[in-house]
Amino acid sequence: MTIDRRNFLKVATAGAGLALTGTAAAGAEPVAAARRSPLVRDGQAPDIVVVGAGNFGAWTALNLQRMGAKVTLLDQYGPANSRSASGGETRGVRTSYGDRPHGLQWAQWAKRAMQKWSEWDQEYFKDGMLPQLFSTTGDIIMRDEMTPFLEDTVANWDTMGHDYEVLTAEEIRYRWPIIHTPDVSVGIYEPDAGVVRARRAIESVAQVFKQEGGDIRVGRVAMGRTEGRRVLDVEMEGGDRVTGGMFVFALGPWFPKFFPALMGKRLSNRTLGHVFYFSTPPGDESYRHPNCPSYNVPGVTGWPALPGDSRGFRIRTGGHQGDDPDTSIRWVDEAAHARPRAVLAKYFPALAERPINETRACHYTGTVSRNFIIDEHPDYDNGWLAGGGSAESFKQGPVLGEFIAGRVMGTEHDQELNDSFRLLEEEFSDDGERRGPEDL
């Protein structure tokens, strides 16, 4: 939905009146979305301030701006920086979420996201304005039996009318002779799945946001002044204050640092996933797109080398601990290199002893619901929380940003869907287990 500037100001001003007076016309039903609309003071302050320029923040800022808001995007290191959870080189995009209670909803969003990634490339890559972001690789999930994860994923695909194939081990080897299947009896193949160049994607979204009039400021951000249930501003390092009518906090693994009392135990950011890029044999195109699909075996995902950057054949395994996203180690120690080599020796043996081109480690931001958090700040009437990527948010970035912008602007009215992203009272205990209100 697009709202032109004049209508946006009308909606926002009406919301401001309700928020400031706490009253409504006699007999009228209260409208929560209107109460949360941005308070516009045009010419004095940005309508909306988005804090955090990662996957959640960058896409949200762009979509808010396209809906008519005046948006300032803040990030302490800048969009696509190496410390962000969105700052790695690549991310897979798939719809196979049979292992999640909200798997069908995620699958539907991921399917829409694939289309949006392709549309982005059609609009911006065709003239060489920006690098191509999305490659359709297909994705093969291989198991020793038809597990509940595979069964529920296929059931979701049937509900969606999504294309897929169920393959035997023999069929997998026939299509992709480089894949070995020593303990595989079945695979489910999603031909529309693909891989996104992640860091370049966030750089591209930020660039388009600026070209369309958005303001990006880089520097450490702290909570500023508040007045009752309103945030007045946030403070940049050096003392500058950025004021606004509405604030969206899209802080990724920094949530527990920024809001320690609220988010300290409602979001887990201790695990850093390990990613490796192995070099492929010179002159052998078998391990490069489009000759190899992305793949999923128990506990491991990966995909082929993409043309144009030659970073290598990607594999994700394991992880290490690191609480503070500002100081955590983002490279993978050699002691952890044996695990990916063992996996490759089993399924892609020709790569097992190849040199490692790069390693990456980034924070997973888990939630007790295993779903995203897209909710109003419980303490502030003009604040929103957007995060809790749960290792899957990047894939759905174009759809997430559209949805979050709609929540902020009051155009998303599916209450069941909105409630599914609530900030729950449940918390993580010190040992990483979930803890409900009755345990507090």
When the convex hull of the Cα atoms of segment 383-428 is projected onto a plane and the area is averaged over all directions, what value comes out in nm²?
3.9
By count of other Cβ within 10 Å, fewest leading, how are LYS395, LYS126, LYS265 ordered?
LYS126, LYS265, LYS395
Sequence-distant aspartates and glutamates (8 or more away, or on other chains) whose Cα lies within less than 16 Å of LYS116:
ASP192, GLU402
Say the cut-off is 18 Å between C-alpha atoms; which of LYS111/LYS395; LYS257/LYS395; LYS70/LYS210 go over it?
LYS257/LYS395
Nonlocal amide H pairs with SER185, under 5 Å, H built at 1.01 Å:
ARG143, ASP144, GLU145
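Using the Kirkwood radius built from alpha carbon pairs, what does the Stokes-Einstein equation give as D for segment 41-185 at 20 °C and 1.002 mPa s, in µm² per second?
The estimated diffusion coefficient comes to 115 µm²/s.
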Values of log10 I(q)/I(0), in the order q = 0.14, 0.18, 0.21, 0.25 Å⁻¹, for segment 111-152 under a Debye, Cα-only, solvent-free model
-0.50, -0.63, -0.71, -0.85
Where only alpha carbons of segment 314-357 are counted, the Rg and the Dmax (Å)
12.5, 37
Karplus ³J(HN,Hα) for segment 414-429 (6.51 cos²θ - 1.76 cosθ + 1.60, θ = phi - 60°; Hz, whole; x = Gly/Pro) runs 7, 5, 5, 5, 4, 5, 5, 9, 5, 6, 7, 6, 4, 10, 7, 7
Of GLY88, ILE188, THR136, whose Cα points farthest to the positive end of the dipole of the chain (charges on the beta-carbon: +1 Lys, Arg; -1 Asp, Glu; origin at the Cα centre)?
GLY88
Which ordering of VAL196, VAL208 is given by a fewest-first count of other beta-carbon atoms within 10 Å?
VAL208, VAL196
Segment 272-422 - convex hull of alpha carbons, volume per residue in Å³
158
With all pairs of different alpha carbon atoms counted, what Kirkwood hydrodynamic radius in Å does the chain show?
22.8
Would you grab the residues whose amide H sits under 5 Å from the one on GLY319? Only those 5+ places off in sequence or on another chain, please, with H modelled 1.01 Å from N.
HIS274
Karplus-derived 3J(HN,Hα) from phi for segment 155-162 (6.51 cos²θ - 1.76 cosθ + 1.60, θ = phi - 60°), whole Hz, x at Gly and Pro, runs 4, 5, 4, 4, 4, 7, x, 8
Could you go through segment 111-123 in sequence order and give the Karplus-derived ³J(HN,Hα) for each residue, using 6.51 cos²θ - 1.76 cosθ + 1.60 with θ = phi - 60°, rounded to whole Hz, and x for Gly and Pro?
4, 5, 5, 4, 5, 5, 4, 5, 5, 4, 5, 4, 7
Return the whole-Å distance between the Cα centroid of segment 357-417 and the Cα centroid of segment 198-270.
14
Using the 10 angstrom Cβ neighbour count as an exposure proxy, how do THR271, THR137, THR147 rank, fewest first?
THR147, THR271, THR137
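Coordinate-derived values only; no laboratory data. This is a predicted model, so every value here is computed, not measured. Counting neighbours? That spans all protein chains shown, and the Cβs are built from the backbone with ideal geometry, glycine included.
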